[in-house]
Structure formats: C-alpha cells, structure tokens
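The values are calculated or read from the model by the stated rules, or taken from the named source; none is laboratory data. This is a predicted model, so every value here is computed, not measured. Glycine gets a Cβ as well: all are built from the backbone with ideal geometry, and neighbour counts include every protein chain shown. Areas reflect the complete protein model, heavy atoms only, side chains present, ligands, DNA and RNA absent. Shrake-Rupley method; radii C 1.70, N 1.55, O 1.52, S 1.80 Å.
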Amino acid sequence: MAMCSTIVVVVVLVATATAAEETRCPGTTSSFRRKQAAMEDMPMDADVFAVPPGPNAPQQVHITLGDHAGTAMTVSWVTTEEAGNSTVLYGRAMDKLDMAAEGTHTRYKYYNYTSGFIHHCTLTNLEMCIRDSYYAMGFGHTVRTLWFTTPPRPGPDVPFRLGLIGDLGQTFHSNDTLTHYEATGGDAVLFMGDLSYADKHPLHDNNRWDTWGRFSERSVAYQPWIWVTGNHEVDYAPELGETKPFKPFTHRYPTPHLASDSPEPYWYSVKLASAHIIVLSSYSAFAKYTPQYKWLEAELASVNRSETPWLIMASHSPWYNSNNFHYMEGEPMRVQFEQMAVDVRVDLVFSGHVHAYERSFRVSNIRYNITDGQCTPVRDRRAPVYITIGDGGNIEGPADEMTHPQPAYSAFREDSFGHAVLDIKNRTHAYYAWYRNDDGAKVAADTVWFTNRFHMPNHDDSTPKKRHY
Ligand SMILES: *[C@@H]1O[C@H](CO)[C@@H](O)[C@H](O)[C@H]1NC(C)=O
Ligand SMILES: *[C@@H]1O[C@H](CO)[C@@H](O)[C@H](O)[C@H]1NC(C)=O
Ligand SMILES: *[C@@H]1O[C@H](CO)[C@@H](O)[C@H](O)[C@H]1NC(C)=O
Ligand SMILES: *[C@@H]1O[C@H](CO)[C@@H](O)[C@H](O)[C@H]1NC(C)=O
Ligand SMILES: *[C@@H]1O[C@H](CO)[C@@H](O)[C@H](O)[C@H]1NC(C)=O
Ligand SMILES: *[C@@H]1O[C@H](CO)[C@@H](O)[C@H](O)[C@H]1NC(C)=O
Ligand SMILES: [Fe+2]
C-alpha cells in the first residue's frame, strides 16, 4: 500500500498536463468470502409478501419521479377484487389532502396469468408541498394513506443521498439488502435493473411480480426508485406465446421518459437535487442512428452542469466487468457510448447484471481504431468511475468467478451481496460507500470521496488512500 501511494504521487507530479495516464497502482480483490447458502425465493407465505388488510386494499404501492425536475411523482398500485377508484388525493398533511389527481388502470395477461388492476396516477405541482407529501388511494373501499419527502428543487449544492441497489430479487438475502438499505438511509434509489426474477419460475410465474411488489413496497412507496431495465424484465417467451418484450414490466413500472423526450420507457433522464441521471437500456438498440443513440446525443448536449454538476449514467449491463459472469456483454454499448461519456465528463456509471461488486479507477479505452492496437484501458481523469452493483442477492446466487489477474482498471471487487449510497454533499464532493450484507447495516466495506468532473476535473479521486476489507 505504501508503494502504491508513492507511485500515485509521482504520476500526479509528472502527468498533470495529460488527461490520459497509466499507473501500476494495483486494485484489490477482496479476500472476504460470503458463506455460500442455498438461494431460494422467500416462500409465498413469507411475512414480507402479506396482502394489506381490507376489501380491495391497494397493494404493491410504488412511486417514481413523474417528470424531469422532481415536481411530479407517479404513484402505482394494484387492486385485485375490482378496479375501484384510480384517484389519488394528496397534500401537505394527512388531514389536508387538498389536491387530487386522476389516474388510469390497466391489466395484462401472461400465458395463463391475469394481473390485478394496475393503477398509475401522476401527482403534479409538488412544489406546493414544502417537505412531506401525503397521498391516499383506494377510495370507495379500503383507503391507504402513505407519504414521501418531496424531492428538492434541482440546484448545484443541494445535498442528496442516492441509494444504489441492483438485481434484488426476493430471496432472504434480498430482504437483508433492503433492510440494510433502510438502515443506511437514502432519499431515492437508482435501481440497476432485474427486479423480481419472476422469469426464473415455471411459466414466468407472474404471481412473483406481485410478491415482489408487496415486498419492495416498504421502501418504494415512501421514496422514488428510478428504474433501469434489466434482462429479467424482458420476459420474451415465444414457447409460452409471449412475444412482446417487457410486457409485465411496462404494465407495472412506468418511467417518466416523455418528460425527457424519450420515445421509449427504457431510456430517459431525471434531475434530482444536484444530479442529472441518465438511464440507458442495454436491451434496446443503441447503434448509431437508432432512437436511443440519437436521444443520448441530444440529451448529453442538454445537460446543464451549472445547475446539476453531478452527471450519472446507469445501464444494466456493465461496460467494465472482470467477472466471468456476463463477461464482455456490455462491450457493444461501451464501444458505442464511452467516447461520448468521456467527452462530457460523466462522473459515474452504475450497472448491475453481474451478481458481485466492483469499482473501477477512472479509466477509458477510447484510442483503439482497429489498426492501432491500442485496446488497453488506461487511467484517464476525464473518464467516469464504473461501479457494478448487481449484488442485491437474487435467486441466481453470487457471481463467484473473477478473472485473474485482476485487470489494472479494477480498483476493488468482491463476490458478496450488498448495496451502496452516494452521499452528494455539494457541487464538488460526494461520499460513496458500499455496504456488504454480512457485516450488518452500519459497516461500509468500500468507501471513496468522489470529486466532481465538472468542477474539479483534474483531481485524481479514484485511488482512495484508505480501505476496509
Ligand atoms: C424481512 O426483513 C424484515 C426486516 O428486517 C423482517 O421483519 C422480516 O421478518 C424479514 N422477512 C423474512 C421472510 O425474512
Ligand atoms: C397455469 O398453468 C399451470 C401449468 O399447467 C398450472 O399449474 C396453473 O395452475 C395454471 N394457472 C392458472 C391461473 O390457470
Ligand atoms: C374516486 O374517489 C374520489 C375521492 O373520494 C372522488 O372524488 C371521485 O369522484 C371518485 N371517482 C369515481 C370514478 O368514483
Ligand atoms: C444552467 O443553469 C444555471 C443555474 O441554474 C442557469 O443560470 C443557466 O441559465 C442555465 N443555462 C442554460 C443554458 O439553461
Ligand atoms: C488509426 O491509428 C493509427 C495510429 O495512431 C493511425 O496511424 C491511423 O491513421 C488511424 N486510422 C484511422 C482510419 O484513423
Ligand atoms: C463540499 O463538501 C466537502 C465535503 O463535505 C467540503 O470539504 C467542502 O468544503 C465543501 N465545499 C463547499 C464549497 O462548501
Ligand atoms: Fe441481469
């Protein structure tokens, strides 16, 4: 470790003028080994899957941002006995629900499963609610009243705690991850895709979408989760006659894509406090000339770093991953988008998919042009840090086959379950911590102070001095 620090200091002195630089400071493959245990979904009668009491009671309540600037919230819920009422009343206090929004409901069939009545309702003008918003639904039958904190108005120094969870599923480990996230606390979750893993059950048993909705409600009804679409949302099963990709997901989990001029729900952007978050779809076309490519080009040009200095991207499949699981699956998107991400100085790129944890140094691999042979990632202070956090603890178990030796771009990696929180302090500094499930909720296993690429572009922040294992 002393060696490593010395080398970094030399590099800083010699190479401050060049953006791209190499160093031999090695990354860490954590020696921590989590206990291998059977990975089974929690049984259908588990406490976390309990149906709320009362006739036709709204269940599976979840909220997500309803516009681009955090002044709207979309509320979704399911009723099972009859459609009932899609109206949401909301306001500043439980006894002062003086605003109303009219929602809609939908249903879908999947093979021989028929969903309940899935309601979606967007609450607008939230700036009227100074801090807490209370909302109620289920009129005519069982009314449930819940609450969330109204998102702060975007601005360069607005602090915000962004939870980071991926590939959660519904095992006992998933429950640990959620419990630990609740204990560390965050204002919203950027969810890296792969929600319920219903498709791991015979006939893609969509009842497992319902159980996941009831399980996750205890967090996502009270703070917005921002959804990235994963491969387990595709649900493409021609053998079952199900040929419309993303059918259950799109019926259940709306995204505010229209607010950022995206034609599809799978890629879009939102502003939250001092962050501009761009969600990409690994499972939609992204080659040049496709809608997603054109959208991203326009989107990156429209980001205002004076207003939202923190530029974050998320895609389900990681661009940098040193695990044999899903190795190189994110490579086509990296090749297509990495230059753009470096050019605009993206701060962080989050992914899931690989059921392990990994954080990169600031690296880029954008010199290669087929004939020049320069295809090795190099240290690059202009570049994002890549974080793979597909370690929510789902039914498929951990991805426990790292490639050896650890590639030079990889700063820290471990085959465990956990979650992370990005604690944005102001326009220049954000404290990032990854929490391993096995340690209990309060022990961070990988921590870094990130500095902002717009306001502190030359600061080398991706080589932390101190780590815990
Ligand atoms: C899930 O976690 C919660 C909170 O810790 C706990 O109350 C509940 O009993 C757990 N459920 C299962 C099935 O482990
Ligand atoms: C769907 O089909 C499976 C397999 O035939 C069967 O076990 C299940 O009970 C059916 N479900 C419904 C709702 O009909
Ligand atoms: C739904 O409930 C609200 C609140 O009680 C009420 O104002 C509205 O008329 C109801 N809508 C329908 C279609 O019954
Ligand atoms: C960018 O944001 C700043 C701060 O909110 C604002 O003053 C400025 O007008 C914005 N620039 C553009 C081009 O919208
Ligand atoms: C590829 O890079 C090499 C080395 O820099 C350069 O000589 C060559 O012209 C480049 N090829 C193209 C097509 O740009
Ligand atoms: C930003 O936050 C960091 C970490 O808390 C602090 O050291 C720094 O002084 C803050 N900068 C400003 C301008 O407040
Ligand atoms: Fe995945």
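Here are the numbers for the structure shown:
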item	result
Number of positions in segment 114-146 that are at pLDDT below 95 and assigned to a loop (DSSP other than H, G, I, E, B)	4
Flag if Ser86 is within 30 Å of Val354 (Cα to Cα), surrounded by 18 or more Cβ atoms within 10 Å (Cβ to Cβ) and out of contact with any helix residue (DSSP H, G or I) (no Cβ under 6 Å at 6 or more places or on another chain)	no
Lone qualifier among Trp267, Trp310, Trp295 - being under 19 Å from Val385 (Cα atoms) and modelled with pLDDT of 95 or more	Trp310
So Ser196, is it open to solvent by less than 20 Å² (accessible area, probe 1.4 Å) and over 15 Å from Gly390 (Cα atoms)	no
Some residue of segment 392-407 being open to solvent by 10 Å² or more (accessible area, probe 1.4 Å) and closer than 22 Å to Arg345 by Cβ	no
Unmet criterion (only one of (1) touching a Pro at 6+ places or on another chain (Cβ under 7 Å); (2) part of a strand (DSSP E or B); (3) touching a residue at least 40 places away in the same chain (Cβ under 8 Å)) for Val349	(3)
Yes/no for Trp449 being at pLDDT 95 or above, part of a strand (DSSP E or B), of a type outside the set (Asp, Glu) and open to solvent by 10 Å² or more (accessible area, probe 1.4 Å)	yes
All strands (runs of 3 or more DSSP E) inside segment 352-434 with 3 or more residues being within 30 Å of Asp176 (Cβ to Cβ) and within 16 Å of ligand 6 (Cβ to nearest atom)	418-424
Qualifying positions in segment 319-333 - farther than 11 Å from Pro384 by Cβ and either in contact with a helix residue (DSSP H, G or I) (Cβ under 6 Å, 6 or more places away or on another chain) or not aromatic (Phe, Trp, Tyr) (or both)	Asn321, Ser322, Asn323, Asn324, His326, Met328, Glu329, Gly330, Glu331, Pro332, Met333
Residues of segment 107-143 that turn out to be open to solvent by 40 Å² or more (accessible area, probe 1.4 Å) and either within 16 Å of ligand 5 (Cβ to nearest atom) or not hydrophobic (A, V, I, L, M, F, W, C) (or both), as a count	14
Where Ser174 falls short, out of the listed (1) away from ligand 3 (no atom under 16 Å from the Cβ); (2) of a type in the set (Gly, Ala, Ser); (3) out of contact with any Gly (no Cβ under 7 Å at 6 or more places or on another chain)	(3)
Conditions (1) assigned to a helix (DSSP H, G or I); (2) touching a strand residue (DSSP E or B) at 6+ places or on another chain (Cβ under 9 Å); (3) under 23 Å from Gly27 (Cβ atoms); number of the one not met by Pro318	(1)
Pro53, sole failed condition from (1) under 29 Å from the mean Cα position of the chain (by Cα); (2) in contact (Cβ under 8 Å) with a residue 24 or more places away in the chain; (3) not in a strand (DSSP E or B)	(1)
Of the criteria (1) open to solvent by 10 Å² or more (accessible area, probe 1.4 Å); (2) among the aliphatic types (A, V, I, L, M); (3) touching a strand residue (DSSP E or B) at 6+ places or on another chain (Cβ under 7 Å), which one Leu203 fails	(3)
Any pair with Cβ under 6 angstrom, 6 or more apart, that starts in segment 147-163 at a residue that is in a strand (DSSP E or B) and ends at one that is within 14 Å of ligand 4 (Cβ to nearest atom) and among the aliphatic types (A, V, I, L, M)	Phe160/Ala273
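Here is a yes/no grid of residues against (1) touching a His at 6+ places or on another chain (Cβ under 7 Å); (2) charged (D, E, K, R); (3) over 20 Å from Thr376 (Cβ atoms); (4) within 16 Å of ligand 5 (Cβ to nearest atom):
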| site | (1), (2), (3), (4) |
| --- | --- |
| Ser302 | no, no, yes, no |
| Arg305 | no, yes, yes, no |
| Met328 | no, no, no, no |
| Glu331 | no, yes, no, no |
| Phe337 | no, no, no, no |
| Asp347 | no, yes, yes, no |
| Ala356 | no, no, yes, no |
| Arg359 | no, yes, no, no |
